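S.K.: Right, I'll just put the structure down here and ask away after.
What follows draws every value from the coordinates through simple rules; no lab data is involved. On a predicted model such as this, the values are computed, not experimentally measured, just so you know. As a convention, Cβ positions derive from the backbone with ideal geometry for all residues, glycine included, and neighbour counts pool all protein chains shown.
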Amino acid sequence: MTTFVSLTTPGRGRGPANQRSRQAYELAHFILSSQYIPIIGQGKSRWNNVHVSDLAQLFVLLTEAAVNKKTDAELWNEQGYYLVENSEHVWSDLARLMGKRAHELGLVDKKLEENSLGKDKAVEQAGFEAVSWGFNSRGRAERAGKVVGWKPVHRGIEGAVDEILKDEKSRLERK
């Protein structure tokens, strides 16, 4: 058994069905549809992120190890636990950046204001993903690099904000 812990995963997936992850895309969806920047709690929650293509590369490396019959205990079973990340963000900072970029890109008509959003209201308005905007989840991707040579190469989540916003605006327009 091998376990992956991937946190927020920006980037458009290449699969045939779902091509978006949850938390950051739901945040963009919320900002575009509610027309404000949600801040949960004190707005200090930190979360790791990794580009979906970098996550996919770890799967490739582990698949190659399996095909090549690498059976090191360090790779699999009890030791087969991998944290994957390439940067960290503060949810309120990400929300502010999304609000600013949404206005600059012309995806919203006005400059967006910040509003406090309680946990229950967040879940009601944006689903279970919204709760993560108020929690911390942090780790370091040390084992993946050490054990199979994994190294993220894509930008962190801040570099994907425009793509995320445009994708969500397109989804909203199709509904």
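S.K.: Find the relative contact order for the stretch 60-175 and round it to a whole percent, using C-alpha pairs within less than 8 Å whose residues are 6+ positions apart. Could the numbers behind the result be given before it?
M.R.: On the way: 69 pairs, mean separation 45.1, N = 116.
Dividing the mean separation by the residue count of the stretch 60-175 yields 39 percent.
S.K.: Moving to a separate point now. Could you work out the equivalent-ellipsoid semi-axes for the chain, taking the square root of 5 times each eigenvalue of the Cα gyration tensor, largest first, in whole Å? Can you show the working numbers first?
M.R.: Working: eigenvalues 218, 57, 35 Å².
For the chain, the semi-axes come out at 33, 17, 13 Å.
S.K.: Could you work out the local net charge near Ser92, counting Lys and Arg as +1, Asp and Glu as -1, over the other residues with Cβ closer than 9 Å to its Cβ?
M.R.: Details: positive: Lys44, Arg96; negative: Asp93, Glu114.
Charge balance in the 9 Å sphere: 0.
S.K.: Measure off 7 Å from each Cα along the Cα-to-Cβ vector at Lys121 and Arg140, then give the distance between these two points in nanometres to one decimal.
M.R.: It works out to 3.8 nm between the two label points.
S.K.: While we're here: For the chain, what is the mean residue ellipticity at 222 nm derived from helices alone (per DSSP H run of n ≥ 4: -39500 (n - 2.57); sum divided by total residues; nearest 500 deg cm²/dmol)?
M.R.: After summing the helix terms and dividing by the residues of the chain, the value is -12500 deg cm²/dmol.
S.K.: Mind ranking 168-175, 136-143, 86-93 by how tightly packed they are, going by the mean number of other C-beta atoms within 10 angstrom, highest first?
M.R.: On the way: 168-175: 12.4, 136-143: 14.0, 86-93: 18.2.
So the order, starting with the most tightly packed, is 86-93, 136-143, 168-175.
S.K.: What trypsin sites (Lys or Arg not before Pro) in the stretch 27-70 are in a loop by DSSP, with at most 13 other Cβ atoms within 10 Å of the Cβ? Kindly include the intermediate steps, with their values, before the conclusion.
M.R.: Numbers: sites: Lys44, Arg46, Lys69, Lys70; in loops: Lys44, Lys69, Lys70.
Passing both the DSSP loop test and the Cβ count: Lys44, Lys69.
S.K.: Would you pull out the residues with amide H under 5 Å of Ser87's amide H, same chain only if 5 or more places away, H placed 1.01 Å from N?
M.R.: Answer set, sorted by chain and number: Asn49.
S.K.: Next question, about the same structure. Just the number, please: percent antiparallel of the DSSP beta bridges in the chain, rounded to the nearest 5. Intermediate results must be reported in sequence, preceding the final value.
M.R.: Numbers: 4 of 13 bridges.
Bridges in the chain that DSSP calls antiparallel: roughly 30 percent.
S.K.: At R0 = 41 Å, how high is the FRET efficiency between Arg46 and Lys69 if r is their beta carbon distance? Nearest 0.05 is fine.
M.R.: Working: r = 39 Å, r/R0 = 0.96.
My answer for the efficiency is 0.55.
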